[in-house]
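Nothing in this text is a laboratory measurement; each read-out follows from the coordinates by a stated rule. What you see is a predicted model, and the numbers here were worked out from it, not measured in a lab. Every residue, glycine among them, receives a Cβ derived from its backbone with ideal geometry; neighbour counts consider all protein chains shown.
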Amino acid sequence: MDGTEGGVLRLAPDGASWRRDGRPWAPSRPFYAVVGDPVGHSLSPRFQGAALRAAGLAFDYLAVEAGPRELAALHERGRDLGLRGWNVTTPHKAAAAALCARLTADAAAVAAVNTVRWRAGGWEGHNTDLGGIAAVLTGLGFPVRDAVVIGAGGAGRAAALACLRAGARRVRIMTRSARTAAGLRRWRESLPTAAADRTEVPPPGRPLSSLDLLPDAVVVDATPPGADLAGVLTPPPAVPLGLWLDLNYGRGDPEPGAAAAAAGAGIDVARRLDGRRVLLEQGALAFAWWFGRAPDRAAMAAALELPR
């Protein structure tokens, strides 16, 4: 089994050793990882492993399944266990920000961490979701004017700031819960005035059709895999959307030109993308942050089965 693919690591009950697929395991060399719960579905080992091999770097890249207690243990003892850095996925991005000794400007702005490295005797947290989503939006070639983000977690906050970075004049963040809406409003108050003035949190539980959307609006779905979006999507908006960007992958038509109904709800969308392009962009930024060099993007794209 390749050291960059296959199998899921978990901390042993003592928190001082590893198990891989239920069996004791020890790394043969330092490694990087994606940390989440669940994490077995992640494509990160596949494409980050390809980048490591292409660069000739002597590290593995693995998947680590961790709950809140294990996440804290990784911050305490991860380096002694062979970790040199990791990516963070659902549901730990906000918790990782609280555990890091230092945060970059993007991580502090989003209040979430998706990339961690060891620097000056402690773990430093960064957020490459923001830059990755912004890179995808700006690379599509049409102006982002009006944007809606569905989802209130770290990915949703990163998506909102990415839309602003890509030029959106207005971004609205939708959530179903009054509690999460209140948290979003507190976060909005922490933003610079120029960003806060262009960011809105509508009353929770409302559908997309209740918003005064501009034609060709951009919608970013930042909800966890399997989230029930029926209440948000029904009835569908009256205006055609320009882009539906799903930050998850494997939910349907992945490539441009898929003028299909978003999430099967009969929404008129000119272009729909799944999350693999964002995964590539944020992963390339993470690689560069770890190693101080750009990765082989062609190797990454091939591992994700993305066309050049």
Net charge of neighbours whose Cβ lies under 10 Å from the Cβ of GLU124, counting Lys and Arg as +1 and Asp and Glu as -1
+3
Length released on extending from ARG102 to ALA72, taking residue separation times 0.36 nm less the Cα-Cα span
9.3 nm
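For the range 130-274, what is the Kirkwood hydrodynamic radius in Å, using each pair of distinct C-alpha atoms? Walk me through the numbers on the way to the answer.
Numbers: mean 1/r = 0.0670 Å⁻¹.
About 14.9 Å for the range 130-274.
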Only helices counted: for the chain, with every DSSP H run of 4 or more residues adding -39500 (n - 2.57) and the sum spread over all residues, [θ] at 222 nm is -9500 deg cm²/dmol
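So for the range 83-140, considering every pair of alpha-carbon atoms, how many percent are separated by more than 19 Å? Display every interim value, and only then the final one.
Working: 431 of 1653 pairs.
Above the 19 Å cut-off, the range 83-140 has 26 percent of its Cα pairs.
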Fraction in percent of alpha-carbon pairs per bin - 5 Å, the range 68-179
2, 13, 21, 20, 16, 12, 8, 5, 2, 0
Report the label-to-label distance for ALA182 and ALA195 in nanometres (one decimal), using points 7 Å from each Cα along the Cα→Cβ vector.
2.4
Could you calculate the contour length gain from ALA12 to ARG169, that is, 0.36 nm times the residue separation minus the distance between their Cα atoms, to one decimal place in nm?
51.6 nm
Quotient of Cα Rg and 2.2 N^0.38 Å for the chain, N being how many residues it contains
0.99
In whole angstrom, the spacing between the Cα centers of the range 94-137 and the range 155-199 equals 17
For the range 180-241, count the residues as N, evaluate 2.2 N^0.38 Å, and divide the Cα radius of gyration by that value, please.
1.25
Please tell me the relative contact order of the range 130-274 in percent, rounded to the nearest whole number, where contacts are Cα pairs under 8 Å and at least six residues apart.
20
Under 5 Å between amide hydrogens, which residues at least 5 positions from LEU103 or on another chain qualify, with H placed 1.01 Å from N in the peptide plane?
GLY125
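If I take R0 = 22 Å and measure r between the Cβ atoms of ARG29 and ALA302 in this structure, what FRET efficiency does the formula 1/(1 + (r/R0)^6) give, to the nearest 0.05?
0.35
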For a paramagnetic label modelled at 7 Å from the Cα of ARG19 toward its Cβ, which residues of the range 51-77 fall within the zone defined by backbone nitrogen distances under 14 Å?
65-67, 70
